[in-house]
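Since every read-out is calculated from the coordinates, none of them should be taken as a lab result. Please read these numbers as outputs of a predicted model, since none were measured by experiment. Backbone-built Cβ (ideal geometry, glycine too); neighbour counts: all protein chains shown.
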Amino acid sequence: MKKLFLIPALLFSISLCAQKYQLGLKGGVNLSNFTGGDFKAVKNSSLLGFHAGGFISFLAGSNFAIQPEVLFSTQGAKLENAGDKRDFKVSYLNVPVMFKYRTNGGFYLEAGPQVGFKLGEDEYGSVNNFAKNLDLAVNAGLGYHSSSGFGIGGRYSAGISKVGDFTGQNIEPDFKNSVVQLFIFFTLFNNKR
């Protein structure tokens, strides 16, 4: 008999908690490059990658939210030196914390810091461990979130810590990540306001 009362109590507590947050999944494409630094004879250009992960959005009233995310992200650049072209990719586990302003019509603006942990990288020539293990960035974006839970968005991530972790090469290692992200997402709970 106690189990019969436990199930409704559990469902009631879940519904109370669901009134204050949204769980979501997101994924999309990255267009990344390296900015700053001195590439000398090396030409750099944008690289296409992707990102995917999840988030939880803590709602503060009807127009504000704080949204921590955990995203797997491939970033980097195309490097060309004396006709030798290579895609240099770094895989990160990025953890942005976005502060969002949401309009009643579903549009939103967001901004916040991000810390990235290097998971792996492609080797570039004779340079091993090309990228540092930690990447710091500042993000800003906008998008649309429908009442059905589906949404689209775009975000720019500007690196504030240098990517390179090497010396004595043709490139000065003080360049930073620059990433444009386009994505789709889906949320559970509190989609209708």
Which entries of LYS40/LYS85; LYS20/LYS176; LYS26/LYS162; LYS100/LYS132 have Cα-Cα distances beyond 25 Å here?
LYS20/LYS176; LYS26/LYS162; LYS100/LYS132
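Test of understanding: ordering SER62, SER178 by Cβ neighbours within 10 Å, fewest first, what list do you get?
Ranked by crowding around the Cβ, least crowded first: SER62, SER178.
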Between the modelled labels at TYR101 and LYS20 (7 Å from Cα along Cα→Cβ) the distance in nm is 2.5 nm
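So for segment 22-188, considering every pair of alpha-carbon atoms, how many percent are separated by more than 23 Å? All intermediate terms of the calculation are to be shown ahead of the outcome.
On the way: 5437 of 13861 pairs.
That tail contains 39 percent of the Cα-Cα pairs.
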